[in-house]
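Single-structure report; data block below.
Read-outs throughout are calculated quantities, based only on the coordinates presented, and are distinct from any laboratory measurement. In this text, all values refer to a predicted model and were calculated from it rather than measured experimentally. When we count neighbours, we look across all protein chains shown, and the Cβ atoms used for this are built from the backbone with ideal geometry, even at glycine.
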Amino acid sequence: MTAEPPGAGPVRTAIPPRVLTVAGSDSGGGAGIQADLKAMLALGTHGMSVLTAVTAQNSLGVMGAWELPLEAIRAQFRAVVDDIGVQAVKTGMLASSAIVETVAGLLAGLAAPVVVDPVGVSKHGDALLAAEALDAVRIKLLPIATVATPNLDEVEQLTGVRVTTELEMRRAAAAVLEFGPRWALVKGGHLAGDAVDLLTDGAEEYWLRSVRHDNRHTHGTGCTLASAIAAHLAHGMPVPEAVASAKEYVTGAIEAGFPLGAGIGPVDHAWRWR
């Protein structure tokens with residue numbers, strides 16, 4: 001009888017939930033595809049990716065960005081979906097109207113829940129979505145979203161609604177819902193005071209509040225939150241529970257954010273393991 005090698009055990013056959021991120025790359029590892037995959041792993045899912053753009057990026061900002069050909073985006077998507085399958089999808093940086101329309105067309109045929117993070121600018125203020133692509137996001141992408149997760153700047157970009165107080169977040173969420181997502185999560189992180197977000201489908205309303213941590217190293221917060229929501233949806237959680245759990249996870253990641261380079265460091269996706 002052949003002896004098993006040291007440390008060998010039974011072969012694992014259980015397949016973790018599979019989550020697909022469709023987004024751009026952050027060479028500094030704090031946001032984008034890199035942050036998405038870290039969050040998905042931390043939350044017990046198998047992350048997969050469709051790369052839409054490559055950025056030269058670090059803690060100081062985005063030095064350059066290059067879109068991938070539409071053919072490459074379609075090929076990545078079909079390679080993953082047709083063979084492996086997905087149980088949730090998260091979209092991030094889509095850069096141009098052509099990419100937005102292509103991705104929306106691909107996702108329209110999926111039964112899996114879709115979390116749309118309508119990325120407009122980076123943490124450093126660098127544009128990550130062409131102005132002419134906003135209509136494609138409104139008309140093509142948001143209507144297929146299970147949850148849309150705009151921050152206040154993105155809400156203003158998409159709807160024209162400017163939010164300066166918590167109560168105004170209701171009007172912002174209603175404006176986002178008019179474009180067709182099932183749920184809108186308006187992130188109020190740019191307001192003073194506690195970090196408060198509003199989740200609503202127009203009938204139910206959930207105010208999600210957490211202590212604001214005094215930590216400037218918050219690069220990747222939006223990507224991480226949307227990916228965490230997608231991971232929890234892939235586990236079968238209802239939307240309100242998935243969003244609440246994702247907020248708890250990202251709040252811990254923000255508290256544990258660490259300095260990296262000379263600028264804004266990333267949140268810590270592995271904070272629960274340290």
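Please report, to one decimal in angstroms, the Kirkwood hydrodynamic radius of the chain built from all distinct Cα-Cα pairs. Write down the numbers at each step before the final one.
Details: mean 1/r = 0.0533 Å⁻¹.
Value: 18.8 Å, from the Cα pair sum.
Please report the antiparallel percentage of the DSSP beta bridges confined to the stretch 18-261, to the nearest 5. Numbers along the way, then the final one.
Numbers: 17 of 39 bridges.
Beta bridges within the stretch 18-261, antiparallel portion: roughly 45 percent.
Where q = 0.10, 0.15, 0.18 Å⁻¹, what log10 of I(q)/I(0) comes from the Debye formula for the stretch 22-165, counting one point per Cα?
Treating every Cα as an identical point scatterer, log10 I(q)/I(0) equals -0.32, -0.74, -1.08.
Going toward the positive end of the dipole of the stretch 18-261, with +1 on Lys and Arg Cβ and -1 on Asp and Glu Cβ, which of 192, 66, 256 do you reach last?
256
Considering amide H positions built from the backbone, and no H for Pro or chain starts, which residues 5 or more places from residue 48, or on another chain, come under 5 Å of its amide H?
Those qualifying (amide H under 5 Å, at least 5 residues apart or on another chain) are 19, 20, 21.
Please count, across the chain, the pairs of lysine residues with Cα atoms under 17 Å apart that sit 8 or more places apart or on different chains. Before the final figure, lay out the partial values.
Numbers: 38/90; 38/247; 90/140; 90/187; 90/247; 123/187; 187/247.
So the count works out to 7.
Among bridges DSSP assigns within the stretch 128-228, what percent are antiparallel (round to 5)?
On the way: 10 of 13 bridges.
Just about 75 percent of them are antiparallel.
Please report, in debye to the nearest 20, how large the charge dipole of the chain is about its Cα centre when each Lys and Arg carries +1 at its beta carbon and each Asp and Glu carries -1 there. Walk me through the numbers before you get to the answer.
Details: 20 positive and 28 negative charges, 76 e Å.
About 360 debye.
Counting pairs of alpha carbon atoms under 8 Å apart in space and at least six apart in sequence, what relative contact order in percent does the stretch 18-261 give?
Values: 511 pairs, mean separation 44.9, N = 244.
Relative contact order of the stretch 18-261: 18 percent.
Quick one: if the Förster radius is 30 Å, what FRET efficiency do residue 164 and residue 211 give, using the C-beta to C-beta distance and rounding to 0.05? Don't skip to the answer; put the middle values down first.
Numbers: r = 21 Å, r/R0 = 0.71.
Here the calculated transfer efficiency is 0.90.
If you take the beta carbon distance between residue 135 and residue 27 as r and set R0 to 30 Å, what does 1/(1 + (r/R0)^6) give as a FRET efficiency, to the nearest 0.05?
Numbers: r = 30 Å, r/R0 = 0.98.
After rounding, the FRET efficiency stands at 0.50.
Rg (Å, one decimal) plus Dmax (Å, integer) for the alpha carbons of the stretch 147-274?
Both quantities, over Cα of the stretch 147-274: 14.5, 45 Å.
In the chain, if the dipole is taken from +1 on Lys/Arg beta carbons and -1 on Asp/Glu beta carbons about the Cα centre, which of 228, 116, 145 is farthest to the positive end?
With unit charges placed on the Cβ atoms, the residue in question is 228.
Counting other Cβ atoms within 10 Å of each Cβ, which GluC sites (Glu not before Pro) in the stretch 197-274 have at most 12 and sit in a DSSP loop?
Values: sites: 204, 205, 241, 248, 255; in loops: 204.
Those satisfying the criteria are 204.
What 222 nm value per residue comes from the helices of the chain, counting each DSSP H run with n ≥ 4 as -39,500 (n - 2.57) and dividing by all residues, nearest 500 deg cm²/dmol? Mind dumping the intermediate values first?
Values: 7 runs with 85 residues, N = 274.
Rounded to the nearest 500, the figure is -9500 deg cm²/dmol.
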